[in-house]
Amino acid sequence: MTNAKLGLAITIHICLSPCVPVCVLVACGVWAGLLCLLEHGEEYTFTLPCAYARSILTVPWVELGGKVNVNCAKSGYSAAITFQTKPFYGGKLHKVTAEVKHNPTNAVVCRVQGEWNGVLEFTYHNGETRVVDVTQLPVTKKRVRPNEMQGPYESRRLWQNVTEALRKKDIDKATEHKCFLEERQRTEERHRIETETPWRTRYFQSEGEGWVYHKPLWKTLVPNP
């Protein structure tokens, strides 16, 4: 994702390793992200938490859990964030705690506690505090092209029949369309293997163990000195 007006770019690659314990669907894996702030010439590397879908056989609900690390080599600051899962008895949902450190001195400059989807309290090393209610932050509505203007493999167009069936609560029809798409993908993959035809990407290129956008903002714009 890029925004030239704000001078920021985010790139993330994800390799999921889902597992299904009793009544829980867990999505964990390799999550690596890079946030670039062109105005400051800073790059932040970060990881992401695991996602837990609970009570999948009754009324499902989702929470995040695990440790997240954010690092900026230029500024020398890092953050360790812990998404806490709800205990079996008692406790609250969506709790999060964090510490921001100045790596050269190992000094903690800020501590954070609260709910990641609610109220967060920031306590700074000088004793000052700040409270942020994320539910009151402005939300920009997502804009997407109509399905008929999208490419055949863009998600909304590709899965539109499944989506429409789910809206009508027709699970059998949604499953039918889903299976059709999955089998078509398997057939296309077998054909590429048999003909030794590599998969050609359109907007992303391989870099290390992940993928990056082929025209990243940090290579097309010059940061302010």
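Summary table below
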| quantity | calculated |
| --- | --- |
| Failed item in (1) under 24 Å from T135 (Cα atoms); (2) out of contact with any Ser or Thr (no Cβ under 8 Å at 6 or more places or on another chain); (3) not in a strand (DSSP E or B), with A51 passing the rest | (3) |
| Odd one out for A32 among (1) over 23 Å from L6 (Cβ atoms); (2) assigned to a strand (DSSP E or B) | (1) |
| Per-region count, the stretch 183-216, residues among the aliphatic types (A, V, I, L, M) and part of a strand (DSSP E or B) | 1 |
| Cβ-Cβ under 9 Å pairs, at least 6 apart or on other chains, the stretch 88-113 side without any contact (Cβ under 8 Å) to a residue 12 or more places away in the chain, far side surrounded by 14 or more Cβ atoms within 10 Å (Cβ to Cβ) | G91/Q84; G91/T85 |
| Elements of type strands (runs of 3 or more DSSP E) contained in the stretch 84-154, each with 1 or more residues being surrounded by 15 or more Cβ atoms within 10 Å (Cβ to Cβ) and in contact with a Cys (Cβ under 7 Å, 6 or more places away or on another chain) | 95-102, 119-124 |
| Inter-residue pairs, beta-carbon under 7 Å, first closer than 28 Å to R200 by Cα and in the stretch 161-188, second of a type in the set (S, T, N, Q) and at pLDDT 95 or above, 6+ apart | H177/N161 |
| Those residues of the stretch 155-174 which are open to solvent by 90 Å² or more (accessible area, probe 1.4 Å) and in a helix (DSSP H, G or I), in sequence order | R156, L166, R167, I171, D172 |
| Residue ID - nearest to N161 (Cα to Cα), chosen from residues in the stretch 175-205 that are surrounded by 10 or more Cβ atoms within 10 Å (Cβ to Cβ) and among the aromatic types (F, W, Y) | F180 |
| Residues satisfying the stated conditions in the stretch 57-83, i.e. aliphatic (A, V, I, L, M), closer than 29 Å to G41 by Cα and assigned to a strand (DSSP E or B) | V68, V70, A79, A80, I81 |
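The values are calculated or read from the model by the stated rules, or taken from the named source; none is laboratory data. None of these values were measured; they are calculated from a predicted model. Cβ atoms come from the backbone with ideal geometry, glycine included; neighbour counts cover every protein chain shown. Surface areas here come from the heavy atoms of the whole protein model, side chains and all, with no ligands, DNA or RNA. Shrake-Rupley method; radii C 1.70, N 1.55, O 1.52, S 1.80 Å.
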